[in-house]
Amino acid sequence: MITALKALRRNRFKTALIFMSMTVSIAAIFLISAIAGGVVSMYSSMLKTDGDIIVTQKEIADTFFSDINNSLSLPISKLNGVKEVHSLIVGASPVDRLPIVAIYGVSDNRFDSYTLQEGNYPKAGEVILGAKIYETLKHPKSIHVSKKEYPVSGVFKSSIGFEDGGVVMPLSDGGELFHKSSSLFLISLSDLGNSAVVVDQINSMDKEIEAKTTDAFIDSYNQFKIIQTSSDVIGVMAFMMGILGIVSMMSMVVNDRKAEFGIMRSIGLSSWTIIGKLLSETLIIALISFGVAWGISEGILELIEHADKFQGYINGEITMAMLVKVFVVTIVMALFGTLMPAVYASRVDPMSLISKGNQ
Amino acid sequence: MIIKAVGLEHFYGHEHVLRGVDIEIHPGEFVAIVGESGSGKTTLLSIVSTLLRPTSGSVTYDGLALEKIDNINHFRRTHIGFVFQFHYLIGYLTLRENIALAALDTKKSDVLMQRLHIGGLSKRYSDEVSGGERQRAAIARALVNNPSVVFADEPTGNLDTQNALGVYELFKEFSREGTAFVVASHDPKIKDFADVIIEMEDGRVKSISRS
């Protein structure tokens, strides 16, 4: 350990380059995983609020495009086991100087799920604003959504970034804005064990709609799959970049220290000892890089969360599971990146020491 | 340990550098391999020291053929020491750590350092001591596991006359205790110390003389 630290200290410049390469890669993996996870988790949480079953237009790729007939909410609410049906219109529109903001048209019974910080729930023609957008727009009395002006009747706080940076209005106003009566229903049940029966009953009501338990919907939702796949692909790219960075720098390190490895072989140290020595050096860098990358990522996520530009929509969190996953990835990255140069080092021919002496 | 090399031939590509060399090295002998550049002395040293496989011919160590040695690293560590023209001490390790790196028993490092008059330099790094002291540390590293034989390639090539003589005296002193030394060198002064002088010419042994 001390020997490894001494070796790293002696080769400061290249150690710093390996450290930077690993730190950037690990931070990239942290950030993309946290941001993608945050988006999925925020939208999932929103759907799960009072929603055991979700009803959308059949085979729709994105809830933004879903269009269902709100008149179905009444017969659904009368089904056995259904506690409440919330109708939602989900859309996006320019609001004042902000180019795109999430807009929610909601049925009156859903207003309770928004915790008011000030003011009242909206009447027809009014809106309530999430605390984040309220701050961003500097406490407006009214806002323009598309070209129409809406008085602000209240401000609510939500831990869900999409809502905290969004605008909520009565369902009818949302319908007028987005030309539909509802995007989706969120249905809460009195008995969760009854969900399969209720799902079947709703699906038999109208062939244009599709009911799923919220968990099943989240598992199969294309947008989440796209986000998760994109995040995985970028994560793998960052991982590969990290490995390539380590391989190239460690190859240079091994080349610089050829005489050292040659002498180790001549004094009879085994190949495994030499490989282990180099691996221990990279693992030390990896551990420090992991800690620094974690700190940097937390800092960047904090900045993004509070940046006006992102309106609180990007709200990543580094969970314990993610920490463990990225830690394992870091160790694997260090080991894979070092293995090839280390094997090369363990095969340095001690004859090169003699040859050099005879040049 | 008796080292026997019989009928050694070696080619580097088409270049025929060793042409049927037979030699024998006995315990405690100080053997000097001398000759012009290109005479084959370094190739011979490399082959008998296990670093290079001959194109043909055989080398045995107490009757054990080179190619029959199972673990060449362990064999080198327990039976062979090396001293090179350049000291090749590892720069980020102290002199003591350099010696201890090779040692099977690290306590021997201190004893050897005292004996080689570098005991007071144990915490110094190689760039903080003189060329002679560096080479003494390299010799201590070669001797730390009490090897049967030490191979040295131009060990005084970078030293002044006084330090070079000091190195030969050390080799002589340790050879009297049973360690064989096989030294390839251009330096004519080595002949004053060596028990056996093998003169190489054009890849052949020109003469073997014993003092």
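The values are calculated or read from the model by the stated rules, or taken from the named source; none is laboratory data. For clarity, every value in this text was computed on a predicted model and none was experimentally measured. In this analysis, Cβ positions are derived from the backbone assuming ideal geometry, glycine residues included, and neighbour counts consider all displayed protein chains. Heavy atoms of the whole protein, side chains included, go into the accessibility calculation; ligands, DNA and RNA do not. Shrake-Rupley method; radii C 1.70, N 1.55, O 1.52, S 1.80 Å.
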Please go through (1) under 18 Å from A:ASN222 (Cβ atoms); (2) in a helix (DSSP H, G or I); (3) open to solvent by 30 Å² or more (accessible area, probe 1.4 Å) for A:MET42 and return the number of the only condition it doesn't satisfy.
(3)
Could you check region A:6-26 and list, in sequence order, the residues that are within 11 Å of another protein chain (Cβ to nearest Cβ), open to solvent by 80 Å² or more (accessible area, probe 1.4 Å) and at pLDDT 85 or above?
A:ARG12
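Yes/no matrix, rows are residues, columns are (1) within 26 Å of the chain's Cα centre (by Cα); (2) on the phi < 0 side of the Ramachandran plot; (3) more than 14 Å from chain B (Cβ to nearest Cβ):
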position	(1), (2), (3)
A:ILE243	yes, yes, yes
A:SER248	no, yes, yes
A:VAL253	no, yes, no
A:GLY268	no, no, no
A:ILE274	no, yes, no
In region B:56-76, residue nearest to the other protein chains (Cβ to nearest Cβ) [restricted to those that are closer than 20 Å to B:PHE174 by Cβ and crowded, with 20+ Cβ neighbours inside 10 Å]
B:ARG76
List, please: which pairs have Cβ atoms under 9 Å, are six or more places apart or on different chains, and start with a residue in region A:78-92 that is open to solvent by 10 Å² or more (accessible area, probe 1.4 Å) and end with one that is of a type outside the set (A, V, I, L, M, F, W, C) and part of a strand (DSSP E or B)?
A:VAL82/A:SER188; A:LYS83/A:SER188; A:GLU84/A:SER188; A:VAL85/A:SER188
Considering every residue within region B:35-45, establish whether at least one is polar (S, T, N, Q) and out of contact with any strand residue (DSSP E or B) (no Cβ under 8 Å at 6 or more places or on another chain).
yes
Going through region B:119-155 in order, the residues found to be outside any helix (DSSP H, G or I) and within 20 Å of B:MET1 (Cβ to Cβ) are B:VAL144, B:ASN145, B:ASN146, B:PRO147, B:SER148, B:VAL149, B:VAL150, B:PHE151, B:ALA152, B:ASP153
Wholly enclosed strands (runs of 3 or more DSSP E) of region A:56-138 bearing at least 1 residues among the aromatic types (Phe, Trp, Tyr)
A:98-106
Answer yes or no: is there a residue in region A:253-268 that is touching a residue at least 60 places away in the same chain (Cβ under 8 Å), out of contact with any strand residue (DSSP E or B) (no Cβ under 7 Å at 6 or more places or on another chain) and within 26 Å of A:VAL326 (Cα to Cα).
yes
Among the residues of region A:152-163 satisfying the criterion of being closer than 17 Å to A:PRO122 by Cβ and hydrophobic (A, V, I, L, M, F, W, C), which is most open to solvent (accessible area, probe 1.4 Å)?
A:VAL152
Being within 27 Å of B:GLY7 (Cα to Cα), among the small types (Gly, Ala, Ser) and in a helix (DSSP H, G or I), is that true of even one residue in region B:183-196?
no
Do you know which residues across region A:228-243 are in contact (Cβ under 8 Å) with a residue 12 or more places away in the chain and open to solvent by 50 Å² or more (accessible area, probe 1.4 Å)?
A:GLN228, A:SER230, A:ILE234, A:MET241
Test set (1) open to solvent by 50 Å² or more (accessible area, probe 1.4 Å); (2) more than 10 Å from chain A (Cβ to nearest Cβ) - B:HIS79 fails condition number
(2)
Considering every residue within region A:164-181, establish whether at least one is within 29 Å of the chain's Cα centre (by Cα), crowded, with 16+ Cβ neighbours inside 10 Å and charged (D, E, K, R).
yes
Filter region B:16-50 for residues that are assigned to a strand (DSSP E or B) and within 14 Å of another protein chain (Cβ to nearest Cβ); the one that is least open to solvent (accessible area, probe 1.4 Å) is B:ILE33
So, in region A:319-359, exactly how many residues are of a type in the set (A, V, I, L, M), open to solvent by 10 Å² or more (accessible area, probe 1.4 Å) and modelled with pLDDT of 90 or more?
13
Take B:GLN85 and decide whether it is among the polar types (S, T, N, Q) and more than 13 Å from chain A (Cβ to nearest Cβ).
no
Just give me the residues in region B:82-102 being assigned to a loop (DSSP other than H, G, I, E, B), crowded, with 21+ Cβ neighbours inside 10 Å and of a type in the set (Gly, Ala, Ser), in sequence order.
none
